[in-house]
1. So what is the relative contact order for region 90-244, in percent, with contacts set as C-alpha pairs under 8 Å and at least six apart?
2. Relative contact order (percent) for region 156-229, with alpha-carbon contacts under 8 angstrom and 6 or more residues of separation?
3. Taking H placed 1.01 Å from N in the peptide plane, check which residues at least 5 places from Gln148 or on another chain put their amide H under 5 Å from its amide H.
4. If I model a spin label as a point 7 Å beyond the Cα along the Cα-Cβ vector, how far apart are those points for Asp239 and Asn188 in nm?
5. What full-extension length gain, to one decimal in nm, is calculated for Lys35 and His225 as 0.36 nm per residue of separation minus the Cα-Cα distance?
6. Going by average Cβ neighbours within 10 Å, how do the peptides 41-50, 180-189 rank, with the highest at the top?
7. Run the quick spin-label model on Ser113 and Leu8: label points 7 Å from Cα toward the beta carbon, then report their separation in nm to one decimal.
8. Hey, got the dipole for region 26-89? About the Cα centre, +1 on K and R Cβ, -1 on D and E Cβ, debye to the nearest 20?
Amino acid sequence: GVDVKMPLKLLLYLITTILLSPDVRSYDDKTVVIKELVVPDNPSDGDDVTLTCRFELTGYNHRLYTVNWWRGKDQFYTYKGTNYDHKHAYTFRGIQVKKEESTDESVVLKNVSEDTSGVFKCEVMGEGPSFRTAVETKTMTVIVPPKQVEIHSWANPDPPTYRAGETIQINCTARGTKPRAHITWKINGRPVRDLNVVRYADFEDHRGRVTSTLGLRWMAPEYFHNNLARVTCTATVGDHSNAASKDIYLDPASSAAFNHPYGSAGHHLPTTWTIVSLTFFHVVRSLP
Ligand SMILES: *[C@@H]1O[C@H](CO)[C@@H](O)[C@H](O)[C@H]1NC(C)=O
Ligand SMILES: *[C@@H]1O[C@H](CO)[C@@H](O)[C@H](O)[C@H]1NC(C)=O
């Protein structure tokens, strides 16, 4: 391909040279354009991140002088087009460049963290004397996705079994996210009604990482299907999600009693007994 293209380029240049007088063919035909700046919006804590700045230089013999990368005021990478020693990387808080994997168009950041976040700038400069320059910026915010999502219920034993008329109370907790996680509940794959959701205050640690809890509360036998309610909670931060599920069972005998018009009064006693026995189990379990 090169052998064919080069004489063609030369020919085009010669035609251009003949058509245009030397004083018209000045710096004006030289341009630097950044065609695309690719900076991920929300990479995760611990990722290696590739930032790409696609550029184009036009004009006769217009060559690259430098590509500079900045995070705010920190210049962390320079690619020199003219030098033999092309790549130069500098370390800042939250910024470590993988020099071997970086090129003229892209720079690879190793193991990003919350400290890496900021406004990233790519600056491309053509050779002198015109030093045409193009600049693009993009914000990157490193997130800490939910590493752990837990479902807790007071029910013992596991798996929990409930009787019709009993209230099911469970919590979903997403620990140590940044920013706070958005939590949703589903039962048997369907969203729950808002009145069944219990909101609790977030807890934020000294590093600004948030632990969020969302409760779910409803009375059996609602939401059960074939005596089963599979509860699923999903915690989302940015475009990262993590889910947890738990199967909850309905005592079929209690369901029959609950539905019977004369049997409904009788369910109070078993419910009380269940609560007492659950409390008992809880106490036993809590002992060292
Ligand atoms: C990534 O950086 C964190 C600190 O931000 C450090 O604790 C961890 O060990 C690093 N991981 C790797 C694979 O270098
Ligand atoms: C749910 O979490 C809240 C707040 O942390 C707590 O007060 C409540 O006891 C928890 N409920 C269950 C069922 O674990």
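1. Here the relative contact order equals 21 percent.
2. Working: 107 pairs, mean separation 31.9, N = 74.
Computed over region 156-229, the figure is 43 percent.
3. Those qualifying (amide H under 5 Å, at least 5 residues apart or on another chain) are Arg175.
4. Distance between the two pseudo-spin positions: 3.4 nm.
5. Working: separation 190, 0.36 × 190 = 68.40 nm, distance 5.48 nm.
Contour length minus Cα-Cα distance gives 62.9 nm.
6. 180-189, 41-50
7. It is 5.2 nm.
8. Result for region 26-89 is approximately 300 debye, rounded to the nearest 20.
The values are calculated or read from the model by the stated rules, or taken from the named source; none is laboratory data. Since the structure is predicted, the reported quantities are computational estimates derived from the model, not experimental observations. Counting neighbours? That spans all protein chains shown, and the Cβs are built from the backbone with ideal geometry, glycine included. Ligands, DNA and RNA are excluded from the accessible area calculation, which covers all protein heavy atoms including side chains. Shrake-Rupley method; radii C 1.70, N 1.55, O 1.52, S 1.80 Å.
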